[in-house]
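Here is the structure we will look at, set down as C-alpha coordinates.
The values are calculated or read from the model by the stated rules, or taken from the named source; none is laboratory data. Just so it is clear, the model here is predicted, and its values are computed rather than measured. All Cβ positions, even for glycine, are placed from backbone atoms using ideal geometry, and neighbour counts span all protein chains on display. Accessible surface areas use protein heavy atoms only, side chains included; no ligands, DNA or RNA. Shrake-Rupley method; radii C 1.70, N 1.55, O 1.52, S 1.80 Å.
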Amino acid sequence: MNNHNTTEAFGTENRKKDTRLWSVASGASADSESAIREAAAMIEAGGTVAFPTETVYGLGADARNTQAVDRIFQAKGRPSDNPLIVHIAGREQLDELVLPYGETARRLMARFWPGPLTLVLPARPGAVSPRVTAGLPTVAVRMPAHDVALRLIAAAGCPVAAPSANRSGRPSPTLAAHVREDLAGRIDGIVDGGPTGVGLESTVVELIGERVNVLRPGGVTPAELREVAGEVTLEPALDAASDTRPEEAVARERTGRDGDAVQSRNAPRADNQTAEPAPRSPGMKYAHYAPRGAMRIVKGAAPERVSAWIQAELDAARRRGERTGVLAFDEHAGAYRADLVVSCGSLRALETAAQRLYAALRSFDEHGIGFILAEACPEEGIGLAVMNRLVKAAGHRIVEV
Ligand code: TXA
Ligand code: MG
(Lines give C-alpha, C1' and ligand atoms only; values in the text may rest on other atoms or scores of the structure.)
(Ligands and ions follow the chains in the order given, each with its own letter.)
Protein backbone atom coordinates (compact mmCIF):
# COMPACT_ATOMS: atom_id res chain seq x y z
CA MET A 1 0.00 0.00 0.00
CA ASN A 2 1.34 3.37 -0.82
CA ASN A 3 1.01 6.28 1.46
CA HIS A 4 0.29 9.60 -0.22
CA ASN A 5 1.13 11.99 2.50
CA THR A 6 2.65 14.97 0.82
CA THR A 7 1.22 17.49 -1.59
CA GLU A 8 3.97 16.42 -3.97
CA ALA A 9 2.50 12.94 -4.13
CA PHE A 10 -0.54 14.40 -5.90
CA GLY A 11 1.47 16.46 -8.35
CA THR A 12 1.48 14.34 -11.51
CA GLU A 13 -2.02 14.52 -12.97
CA ASN A 14 -1.68 12.41 -16.06
CA ARG A 15 -0.17 9.42 -14.40
CA LYS A 16 -2.67 6.71 -13.49
CA LYS A 17 -3.22 6.94 -9.75
CA ASP A 18 -3.00 4.08 -7.33
CA THR A 19 -6.46 4.34 -5.77
CA ARG A 20 -6.48 3.31 -2.14
CA LEU A 21 -9.59 1.49 -0.85
CA TRP A 22 -10.79 1.35 2.74
CA SER A 23 -13.81 -0.48 4.09
CA VAL A 24 -15.37 1.35 6.98
CA ALA A 25 -18.40 0.32 8.95
CA SER A 26 -20.60 2.88 10.65
CA GLY A 27 -19.79 3.46 14.30
CA ALA A 28 -16.39 3.79 15.86
CA SER A 29 -13.92 0.91 15.84
CA ALA A 30 -10.13 0.94 15.90
CA ASP A 31 -9.96 -0.16 12.23
CA SER A 32 -12.44 2.38 10.99
CA GLU A 33 -10.71 5.12 13.00
CA SER A 34 -7.37 4.50 11.36
CA ALA A 35 -8.96 4.24 7.90
CA ILE A 36 -10.70 7.56 8.42
CA ARG A 37 -7.51 9.16 9.68
CA GLU A 38 -5.63 8.01 6.57
CA ALA A 39 -8.36 9.18 4.22
CA ALA A 40 -8.54 12.53 6.03
CA ALA A 41 -4.77 12.93 5.73
CA MET A 42 -5.07 12.47 1.97
CA ILE A 43 -7.67 15.24 1.81
CA GLU A 44 -5.51 17.52 3.98
CA ALA A 45 -2.58 16.87 1.66
CA GLY A 46 -4.54 17.96 -1.41
CA GLY A 47 -5.79 14.57 -2.61
CA THR A 48 -9.19 13.40 -3.81
CA VAL A 49 -11.10 10.85 -1.74
CA ALA A 50 -14.55 9.38 -2.43
CA PHE A 51 -16.76 8.80 0.61
CA PRO A 52 -20.33 7.72 1.39
CA THR A 53 -23.07 10.15 2.34
CA GLU A 54 -26.74 9.45 3.04
CA THR A 55 -27.58 10.48 -0.55
CA VAL A 56 -24.84 9.24 -2.94
CA TYR A 57 -21.06 8.86 -2.77
CA GLY A 58 -19.18 12.15 -3.03
CA LEU A 59 -15.69 12.87 -4.35
CA GLY A 60 -14.08 15.07 -1.71
CA ALA A 61 -11.18 17.50 -1.66
CA ASP A 62 -10.15 20.47 0.50
CA ALA A 63 -12.48 23.24 -0.69
CA ARG A 64 -9.86 25.90 0.06
CA ASN A 65 -7.19 24.31 -2.11
CA THR A 66 -7.58 25.19 -5.80
CA GLN A 67 -5.20 22.48 -7.00
CA ALA A 68 -7.09 19.87 -5.03
CA VAL A 69 -10.43 21.10 -6.37
CA ASP A 70 -9.03 21.02 -9.90
CA ARG A 71 -8.27 17.34 -9.38
CA ILE A 72 -11.99 16.74 -8.76
CA PHE A 73 -12.93 18.39 -12.06
CA GLN A 74 -10.21 16.45 -13.89
CA ALA A 75 -11.13 13.09 -12.40
CA LYS A 76 -14.82 13.55 -13.21
CA GLY A 77 -14.41 15.28 -16.55
CA ARG A 78 -16.77 17.88 -15.15
CA PRO A 79 -17.37 21.21 -16.94
CA SER A 80 -15.68 23.92 -14.90
CA ASP A 81 -18.74 26.21 -14.90
CA ASN A 82 -20.67 23.81 -12.65
CA PRO A 83 -20.07 24.71 -8.98
CA LEU A 84 -19.53 22.17 -6.20
CA ILE A 85 -21.29 21.61 -2.88
CA VAL A 86 -19.18 22.25 0.23
CA HIS A 87 -19.68 19.67 2.99
CA ILE A 88 -19.29 20.50 6.67
CA ALA A 89 -19.36 18.41 9.82
CA GLY A 90 -20.70 21.04 12.24
CA ARG A 91 -22.44 24.41 12.31
CA GLU A 92 -19.27 26.11 13.60
CA GLN A 93 -17.71 25.54 10.15
CA LEU A 94 -20.51 27.46 8.46
CA ASP A 95 -19.71 31.00 9.58
CA GLU A 96 -16.29 30.80 7.98
CA LEU A 97 -17.91 30.01 4.64
CA VAL A 98 -20.91 32.32 4.35
CA LEU A 99 -22.05 35.86 5.07
CA PRO A 100 -24.87 36.46 7.58
CA TYR A 101 -28.13 34.78 6.51
CA GLY A 102 -31.78 35.10 7.45
CA GLU A 103 -34.27 33.41 9.72
CA THR A 104 -35.62 30.96 7.12
CA ALA A 105 -32.14 29.61 6.35
CA ARG A 106 -31.61 29.18 10.08
CA ARG A 107 -34.86 27.25 10.45
CA LEU A 108 -34.04 25.00 7.48
CA MET A 109 -30.67 24.11 9.00
CA ALA A 110 -32.19 23.46 12.40
CA ARG A 111 -34.75 21.12 10.89
CA PHE A 112 -32.86 19.36 8.10
CA TRP A 113 -29.17 19.31 9.07
CA PRO A 114 -27.52 16.94 9.13
CA GLY A 115 -29.52 15.71 6.13
CA PRO A 116 -30.10 15.82 2.38
CA LEU A 117 -30.63 19.58 2.02
CA THR A 118 -28.10 21.92 0.38
CA LEU A 119 -28.44 25.66 0.98
CA VAL A 120 -27.08 28.18 -1.52
CA LEU A 121 -25.95 31.14 0.59
CA PRO A 122 -23.92 34.32 0.03
CA ALA A 123 -20.26 33.30 0.09
CA ARG A 124 -17.72 34.87 2.39
CA PRO A 125 -15.14 36.17 -0.09
CA GLY A 126 -11.96 34.09 -0.13
CA ALA A 127 -13.30 31.31 2.11
CA VAL A 128 -13.17 28.63 -0.58
CA SER A 129 -11.40 28.32 -3.90
CA PRO A 130 -13.14 30.25 -6.70
CA ARG A 131 -13.16 26.91 -8.59
CA VAL A 132 -15.67 25.59 -6.04
CA THR A 133 -18.19 28.37 -6.64
CA ALA A 134 -17.40 28.66 -10.37
CA GLY A 135 -16.97 32.36 -9.72
CA LEU A 136 -20.49 32.86 -8.30
CA PRO A 137 -21.01 35.13 -5.28
CA THR A 138 -22.82 32.23 -3.56
CA VAL A 139 -21.70 28.92 -2.12
CA ALA A 140 -23.73 25.72 -1.74
CA VAL A 141 -23.32 24.08 1.68
CA ARG A 142 -24.61 20.93 3.29
CA MET A 143 -24.04 18.78 6.36
CA PRO A 144 -24.50 15.12 5.40
CA ALA A 145 -26.36 12.75 7.73
CA HIS A 146 -23.79 9.98 7.50
CA ASP A 147 -21.53 8.95 10.32
CA VAL A 148 -18.56 8.12 8.06
CA ALA A 149 -18.87 11.40 6.12
CA LEU A 150 -19.09 13.47 9.28
CA ARG A 151 -16.10 11.74 10.88
CA LEU A 152 -14.03 12.14 7.72
CA ILE A 153 -14.82 15.84 7.32
CA ALA A 154 -14.14 16.50 11.00
CA ALA A 155 -10.83 14.63 10.83
CA ALA A 156 -9.76 16.49 7.68
CA GLY A 157 -10.41 19.73 9.55
CA CYS A 158 -11.47 21.65 6.44
CA PRO A 159 -14.59 22.32 4.40
CA VAL A 160 -14.82 19.47 1.86
CA ALA A 161 -15.96 20.18 -1.69
CA ALA A 162 -17.67 17.07 -2.99
CA PRO A 163 -19.71 16.50 -6.12
CA SER A 164 -21.16 13.06 -6.72
CA ALA A 165 -18.32 10.58 -7.29
CA ASN A 166 -19.21 9.56 -10.83
CA ARG A 167 -17.71 10.42 -14.20
CA SER A 168 -19.61 13.43 -15.49
CA GLY A 169 -22.82 12.44 -17.22
CA ARG A 170 -22.96 8.97 -15.60
CA PRO A 171 -25.47 7.97 -12.92
CA SER A 172 -24.35 8.98 -9.42
CA PRO A 173 -22.81 6.19 -7.32
CA THR A 174 -24.85 4.54 -4.59
CA LEU A 175 -22.18 1.86 -3.94
CA ALA A 176 -18.40 2.05 -3.64
CA ALA A 177 -18.29 -0.40 -6.57
CA HIS A 178 -19.90 2.30 -8.76
CA VAL A 179 -17.19 4.75 -7.74
CA ARG A 180 -14.51 2.20 -8.62
CA GLU A 181 -16.15 1.56 -11.99
CA ASP A 182 -15.98 5.25 -12.90
CA LEU A 183 -12.96 6.61 -11.06
CA ALA A 184 -10.45 3.90 -10.10
CA GLY A 185 -7.01 5.06 -11.21
CA ARG A 186 -8.23 8.68 -11.40
CA ILE A 187 -8.60 9.49 -7.69
CA ASP A 188 -6.50 8.90 -4.59
CA GLY A 189 -8.85 6.94 -2.39
CA ILE A 190 -12.30 5.45 -1.84
CA VAL A 191 -13.87 4.97 1.58
CA ASP A 192 -16.38 2.11 1.24
CA GLY A 193 -19.16 2.60 3.77
CA GLY A 194 -21.72 0.31 2.10
CA PRO A 195 -24.81 1.37 0.15
CA THR A 196 -26.06 4.94 0.52
CA GLY A 197 -29.54 5.53 1.97
CA VAL A 198 -31.62 8.01 0.00
CA GLY A 199 -30.10 7.05 -3.35
CA LEU A 200 -30.61 10.45 -5.01
CA GLU A 201 -28.72 13.66 -4.36
CA SER A 202 -29.65 16.34 -1.86
CA THR A 203 -32.32 18.94 -2.50
CA VAL A 204 -30.62 22.22 -3.49
CA VAL A 205 -32.41 25.43 -2.49
CA GLU A 206 -31.63 29.11 -2.75
CA LEU A 207 -33.23 31.83 -0.65
CA ILE A 208 -34.80 34.77 -2.41
CA GLY A 209 -35.54 37.01 0.54
CA GLU A 210 -37.32 34.55 2.83
CA ARG A 211 -38.69 32.52 -0.09
CA VAL A 212 -37.20 29.05 -0.58
CA ASN A 213 -36.64 28.29 -4.25
CA VAL A 214 -35.88 24.65 -5.13
CA LEU A 215 -33.12 24.46 -7.74
CA ARG A 216 -32.79 20.68 -7.64
CA PRO A 217 -35.38 18.35 -6.09
CA GLY A 218 -33.88 15.65 -3.88
CA GLY A 219 -34.01 13.87 -0.56
CA VAL A 220 -36.05 16.59 1.19
CA THR A 221 -39.43 17.08 -0.49
CA PRO A 222 -41.19 20.42 -1.13
CA ALA A 223 -43.90 19.40 1.35
CA GLU A 224 -41.26 18.92 4.05
CA LEU A 225 -39.72 22.30 3.23
CA ARG A 226 -43.16 23.90 3.54
CA GLU A 227 -43.39 22.69 7.12
CA VAL A 228 -40.70 25.19 8.11
CA ALA A 229 -40.66 27.82 5.37
CA GLY A 230 -43.40 30.32 4.62
CA GLU A 231 -43.05 30.17 0.86
CA VAL A 232 -41.55 27.39 -1.24
CA THR A 233 -41.32 27.56 -5.01
CA LEU A 234 -39.91 25.28 -7.67
CA GLU A 235 -37.47 26.80 -10.12
CA PRO A 236 -39.66 27.25 -13.24
CA ALA A 237 -37.25 25.33 -15.48
CA LEU A 238 -37.91 22.20 -13.37
CA ASP A 239 -41.50 22.10 -14.58
CA ALA A 240 -40.40 22.61 -18.13
CA ALA A 241 -38.14 19.59 -17.82
CA SER A 242 -41.02 17.17 -17.57
CA ASP A 243 -43.34 18.75 -20.15
CA THR A 244 -44.47 16.26 -22.72
CA ARG A 245 -46.01 16.42 -26.11
CA PRO A 246 -47.22 13.34 -27.91
CA GLU A 247 -44.48 11.37 -29.62
CA GLU A 248 -42.05 14.16 -29.17
CA ALA A 249 -39.08 14.76 -26.99
CA VAL A 250 -39.21 18.07 -25.23
CA ALA A 251 -35.88 19.59 -24.45
CA ARG A 252 -34.84 22.17 -22.00
CA GLU A 253 -31.17 22.46 -21.73
CA ARG A 254 -29.97 23.80 -18.43
CA THR A 255 -26.44 23.71 -17.35
CA GLY A 256 -24.60 25.04 -14.37
CA ARG A 257 -27.20 24.24 -11.79
CA ASP A 258 -28.54 20.86 -12.61
CA GLY A 259 -25.67 18.58 -11.96
CA ASP A 260 -23.12 17.14 -14.25
CA ALA A 261 -23.48 17.93 -17.88
CA VAL A 262 -21.68 16.36 -20.78
CA GLN A 263 -22.21 15.62 -24.40
CA SER A 264 -24.15 12.40 -24.46
CA ARG A 265 -25.64 9.76 -26.67
CA ASN A 266 -28.90 10.29 -24.90
CA ALA A 267 -29.23 13.75 -26.28
CA PRO A 268 -32.17 13.37 -28.66
CA ARG A 269 -31.06 12.78 -32.18
CA ALA A 270 -32.60 12.40 -35.58
CA ASP A 271 -30.65 9.34 -36.64
CA ASN A 272 -32.13 6.62 -34.48
CA GLN A 273 -34.26 3.79 -35.73
CA THR A 274 -37.35 4.44 -33.69
CA ALA A 275 -38.99 6.81 -36.15
CA GLU A 276 -38.81 9.68 -33.71
CA PRO A 277 -39.14 13.17 -35.09
CA ALA A 278 -36.06 15.35 -35.07
CA PRO A 279 -35.79 17.45 -31.92
CA ARG A 280 -37.01 21.00 -32.21
CA SER A 281 -34.42 22.44 -29.95
CA PRO A 282 -30.91 22.38 -31.35
CA GLY A 283 -29.49 23.03 -27.90
CA MET A 284 -30.09 19.60 -26.45
CA LYS A 285 -26.52 18.53 -26.30
CA TYR A 286 -26.28 17.65 -22.63
CA ALA A 287 -27.56 14.71 -20.68
CA HIS A 288 -27.10 13.65 -17.07
CA TYR A 289 -27.11 10.38 -15.20
CA ALA A 290 -27.40 8.65 -18.54
CA PRO A 291 -26.95 4.98 -19.33
CA ARG A 292 -24.99 4.30 -22.51
CA GLY A 293 -28.02 2.96 -24.36
CA ALA A 294 -30.73 5.27 -25.70
CA MET A 295 -33.52 5.65 -23.16
CA ARG A 296 -37.01 7.08 -23.40
CA ILE A 297 -39.70 7.60 -20.76
CA VAL A 298 -43.22 6.45 -21.56
CA LYS A 299 -46.10 8.26 -19.87
CA GLY A 300 -49.85 7.98 -20.05
CA ALA A 301 -53.04 8.18 -18.02
CA ALA A 302 -53.94 4.52 -18.70
CA PRO A 303 -51.33 2.08 -17.31
CA GLU A 304 -52.47 -0.82 -19.56
CA ARG A 305 -51.99 1.36 -22.61
CA VAL A 306 -48.50 2.37 -21.46
CA SER A 307 -47.53 -1.27 -20.87
CA ALA A 308 -48.92 -2.39 -24.21
CA TRP A 309 -47.11 0.40 -26.05
CA ILE A 310 -43.84 -0.39 -24.30
CA GLN A 311 -44.13 -4.11 -25.12
CA ALA A 312 -44.86 -3.41 -28.78
CA GLU A 313 -41.81 -1.14 -29.03
CA LEU A 314 -39.63 -3.70 -27.25
CA ASP A 315 -40.77 -6.43 -29.61
CA ALA A 316 -40.06 -4.24 -32.64
CA ALA A 317 -36.60 -3.37 -31.31
CA ARG A 318 -35.81 -7.03 -30.69
CA ARG A 319 -36.82 -7.89 -34.24
CA ARG A 320 -34.30 -5.29 -35.39
CA GLY A 321 -31.69 -7.16 -33.37
CA GLU A 322 -31.37 -4.68 -30.51
CA ARG A 323 -30.84 -5.68 -26.91
CA THR A 324 -33.81 -4.30 -25.01
CA GLY A 325 -34.42 -3.17 -21.45
CA VAL A 326 -37.30 -1.81 -19.36
CA LEU A 327 -37.23 0.19 -16.18
CA ALA A 328 -40.58 -0.51 -14.58
CA PHE A 329 -42.44 -0.62 -11.29
CA ASP A 330 -43.50 -3.77 -9.43
CA GLU A 331 -47.11 -3.24 -10.51
CA HIS A 332 -46.21 -4.03 -14.15
CA ALA A 333 -42.65 -5.36 -14.22
CA GLY A 334 -43.65 -9.03 -14.29
CA ALA A 335 -45.53 -8.68 -17.57
CA TYR A 336 -42.68 -7.41 -19.78
CA ARG A 337 -40.60 -9.50 -22.15
CA ALA A 338 -37.19 -7.94 -22.71
CA ASP A 339 -33.51 -8.79 -22.36
CA LEU A 340 -33.46 -6.99 -19.02
CA VAL A 341 -36.39 -5.90 -16.88
CA VAL A 342 -35.47 -3.88 -13.79
CA SER A 343 -38.03 -2.93 -11.18
CA CYS A 344 -37.76 0.22 -9.11
CA GLY A 345 -40.10 -1.23 -6.49
CA SER A 346 -43.73 -0.34 -5.96
CA LEU A 347 -45.34 2.86 -7.21
CA ARG A 348 -46.69 3.14 -3.67
CA ALA A 349 -43.18 3.37 -2.15
CA LEU A 350 -41.15 5.73 -4.29
CA GLU A 351 -38.36 5.91 -1.68
CA THR A 352 -37.38 2.51 -3.04
CA ALA A 353 -37.29 3.91 -6.57
CA ALA A 354 -34.96 6.66 -5.35
CA GLN A 355 -32.68 4.06 -3.76
CA ARG A 356 -32.60 1.81 -6.81
CA LEU A 357 -32.66 4.23 -9.73
CA TYR A 358 -28.95 4.84 -10.31
CA ALA A 359 -27.92 1.21 -9.86
CA ALA A 360 -30.74 0.27 -12.26
CA LEU A 361 -29.46 2.70 -14.89
CA ARG A 362 -25.97 1.26 -14.54
CA SER A 363 -27.29 -2.30 -14.86
CA PHE A 364 -28.44 -1.58 -18.42
CA ASP A 365 -24.84 -0.81 -19.31
CA GLU A 366 -23.61 -3.95 -17.57
CA HIS A 367 -25.93 -5.99 -19.78
CA GLY A 368 -25.08 -4.12 -22.97
CA ILE A 369 -28.64 -2.87 -23.47
CA GLY A 370 -28.95 -0.38 -26.32
CA PHE A 371 -32.73 0.20 -26.31
CA ILE A 372 -34.33 1.22 -23.00
CA LEU A 373 -37.87 2.28 -22.13
CA ALA A 374 -38.81 3.56 -18.67
CA GLU A 375 -42.18 3.86 -16.99
CA ALA A 376 -42.91 7.23 -15.37
CA CYS A 377 -44.01 7.72 -11.78
CA PRO A 378 -46.15 10.40 -10.14
CA GLU A 379 -44.19 13.57 -9.37
CA GLU A 380 -45.26 13.61 -5.75
CA GLY A 381 -43.06 13.52 -2.66
CA ILE A 382 -39.73 11.95 -3.53
CA GLY A 383 -41.28 11.07 -6.93
CA LEU A 384 -40.50 14.64 -8.03
CA ALA A 385 -36.78 13.97 -7.64
CA VAL A 386 -37.04 10.49 -9.18
CA MET A 387 -38.71 11.90 -12.32
CA ASN A 388 -36.28 14.83 -12.44
CA ARG A 389 -33.34 12.40 -12.67
CA LEU A 390 -35.13 10.01 -15.00
CA VAL A 391 -36.00 12.82 -17.41
CA LYS A 392 -32.36 13.88 -17.51
CA ALA A 393 -31.14 10.31 -17.89
CA ALA A 394 -33.43 10.04 -20.91
CA GLY A 395 -32.07 13.26 -22.39
CA HIS A 396 -35.61 14.71 -22.03
CA ARG A 397 -37.03 12.14 -24.41
CA ILE A 398 -40.57 11.49 -23.23
CA VAL A 399 -43.31 9.76 -25.13
CA GLU A 400 -46.93 10.25 -24.17
CA VAL A 401 -49.24 7.43 -25.21
O1 TXA B 1 -26.35 14.75 -2.31
C2 TXA B 1 -25.57 15.52 -2.84
O3 TXA B 1 -25.80 16.73 -2.94
C4 TXA B 1 -24.24 14.93 -3.37
C5 TXA B 1 -23.47 14.39 -2.19
C6 TXA B 1 -22.10 13.90 -2.59
O7 TXA B 1 -23.40 15.35 -1.19
N8 TXA B 1 -23.51 15.91 -4.09
C9 TXA B 1 -23.88 16.36 -5.32
O10 TXA B 1 -23.00 17.25 -5.90
O11 TXA B 1 -24.88 16.01 -5.88
P12 TXA B 1 -23.05 17.65 -7.43
O13 TXA B 1 -21.83 18.43 -7.67
O14 TXA B 1 -23.20 16.43 -8.26
O15 TXA B 1 -24.26 18.61 -7.56
C16 TXA B 1 -24.16 19.92 -7.03
C17 TXA B 1 -25.35 20.73 -7.45
C18 TXA B 1 -25.26 21.07 -8.91
O19 TXA B 1 -26.56 21.04 -9.43
C20 TXA B 1 -24.69 22.47 -8.87
O21 TXA B 1 -24.96 23.15 -10.05
C22 TXA B 1 -25.39 23.03 -7.64
O23 TXA B 1 -25.38 21.96 -6.73
N24 TXA B 1 -24.69 24.17 -7.06
C25 TXA B 1 -23.49 24.18 -6.44
N26 TXA B 1 -23.16 25.42 -6.07
C27 TXA B 1 -24.15 26.24 -6.45
C28 TXA B 1 -24.38 27.64 -6.34
N29 TXA B 1 -23.52 28.46 -5.77
N30 TXA B 1 -25.53 28.12 -6.86
C31 TXA B 1 -26.42 27.29 -7.45
N32 TXA B 1 -26.26 25.96 -7.58
C33 TXA B 1 -25.14 25.43 -7.09
MG1 MG C 1 -23.59 14.98 -9.70
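Quick one: of the DSSP bridges fully inside segment 7-232, what percent are antiparallel, nearest 5?
Looking only at bridges with both residues in segment 7-232, the antiparallel portion is about 55 percent.
How high is the relative contact order of segment 7-232? Use alpha-carbon pairs under 8 Å, at least six apart in sequence, and give a whole percent.
Computed value for segment 7-232: 31 percent relative contact order.
What percentage of the solvent-accessible surface of segment 78-216, computed with a 1.4 Å probe over protein heavy atoms, is contributed by carbon and sulfur atoms?
With neighbouring chains kept in place, the figure for segment 78-216 is 55 percent.
Estimate the FRET efficiency between residue 95 and residue 348 by the formula 1/(1 + (r/R0)^6), using the beta-carbon distance for r and 35 Å for R0, to the nearest 0.05.
0.25
Trypsin sites (Lys or Arg not before Pro) within segment 38-90: which are DSSP loop residues with at most 13 other Cβ atoms inside 10 Å?
In loop regions of segment 38-90 (DSSP not H, G, I, E or B), there are no sparsely surrounded trypsin sites (Lys or Arg not before Pro).
Can you list residues from other chains, or at least 5 along the same chain, whose modelled amide H is less than 5 Å from the amide H of residue 145?
54, 115
Along segment 97-109, what does the Karplus equation 6.51 cos²θ - 1.76 cosθ + 1.60 (θ = phi - 60°) give for ³J(HN,Hα), rounded to whole Hz, x for Gly and Pro?
Result, rounded to whole Hz: 9, 10, 7, x, 10, x, 5, 5, 4, 4, 5, 4, 5.
Report the extension gain between residue 320 and residue 106 in nm, rounded to one decimal, defined as 0.36 nm multiplied by the number of residues separating them, less their alpha carbon distance.
Using 0.36 nm per residue and subtracting the Cα-Cα distance, I get 71.3 nm.
How big is segment 163-215 on each of its three principal axes, counting only the C-alpha atoms and giving the largest first in Å?
Sorted largest first, the three principal extents are 44, 21, 18 Å.
Can you list the residues, at least 5 places off or on another chain, whose amide H is less than 5 Å from the amide H of residue 123, using H built in the peptide plane?
For residue 123, the qualifying residues are 99, 138, 139.
GluC sites (Glu not before Pro), restricted to segment 82-129: which are DSSP loop and have at most 10 other Cβ atoms within 10 Å?
Within segment 82-129, no GluC sites (Glu not before Pro) qualify (loop, at most 10 other Cβ atoms within 10 Å).
Counting only heavy atoms of the protein chains, get the accessible area per residue of segment 113-189 (1.4 Å probe) and round it to a whole Å² value.
28
Going by Cα centres, segment 160-195 and segment 115-142 are how many Å apart?
Segment 160-195 and segment 115-142 have Cα centres separated by 22 Å.
Let me spell out the model: positive unit charges on the Cβ of Lys and Arg, negative unit charges on the Cβ of Asp and Glu, origin at the Cα centre of segment 300-401. What dipole size does that give, in debye rounded to 20?
The dipole magnitude comes to about 300 debye.
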